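Here's the structure we're looking at; comments come further down.
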Amino acid sequence: MAMGTRKKRERQEALWYGGELPTARGHPFYKRLNEVLDKAKFDRFCEKSCADFYHQKLGRPSLPPGLYFHVMMLGFFEGLDSERGVAWRLADSLTLRQFLSIGLDENTPDHVTISRTRRLIDGETHQRIFTWVLERLAQSGLIKGKTIGVDSTTLEANAAMKSIVRRDTRESYMAYLKRLAEAEGIDAKEIVRRLTEETKAAA
């Protein structure tokens, strides 16, 4: 599979007036998050981090890594319980379409594509990219200290910004990925073994 990139997703300006299309105000946190990620060249960082998981030329372009990790962050922040739930929420929300820069005439990622991409990229890369995001958010002042508020959800992160957990469920980002995999029928013991090994290797 060849890597899809943000550059390949760039589209020509629409040929109709924006006022003719339905719009949403968007969530202030997600708007600011996109500003921070764009300034830090998040998509380029994701593409570089994930390059080893893709063939340079062969195969159809994948879901761009930057878009995939946007999707994963949304699933975690929104407390969505499965990849099917994530896919449905993306397809149904104008605000989340804006966050992902997906037009109304474009399809949002389906659960099969999300699941296939999650299995392709290892746990260590997931953790490294999520930690990178947290560090940029802290530097920009979007999050402070050990408690992080996103909409009605409160998240807690340790002082080193290496991990983050939901205050309501105490679930970490890696545990969230594990739960998504279990919902797709992947062996839980194998998931735990891989995540444990990758976490130790990254320490």
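The values are calculated or read from the model by the stated rules, or taken from the named source; none is laboratory data. Note that the structure is a prediction, hence the values are computed from the model and not measured. Neighbour counts are summed over all protein chains in view; Cβ atoms, including those assigned to glycine, are modelled from backbone coordinates with ideal geometry. We work out accessible area using only protein heavy atoms, side chains counted, and drop any ligands, DNA or RNA first. Shrake-Rupley method; radii C 1.70, N 1.55, O 1.52, S 1.80 Å.
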State the number of residues belonging to region 19-59 that are at pLDDT below 90, outside any loop (DSSP other than H, G, I, E, B), open to solvent by 50 Å² or more (accessible area, probe 1.4 Å) and over 28 Å from residue 116 (Cβ atoms). 5
Sole exception among (1) of a type outside the set (A, V, I, L, M, F, W, C); (2) farther than 21 Å from residue 42 by Cβ; (3) under 11 Å from the mean Cα position of the chain (by Cα) for residue 70, by number: (2)
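Let's see how each residue does on (1) farther than 19 Å from residue 123 by Cβ; (2) without any contact (Cβ under 8 Å) to a residue 60 or more places away in the chain:
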position	(1), (2)
63	no, yes
66	no, no
73	no, no
91	yes, yes
Looking at region 95-114, which of its residues are open to solvent by 60 Å² or more (accessible area, probe 1.4 Å) and in contact (Cβ under 8 Å) with a residue 60 or more places away in the chain? 98, 101, 104
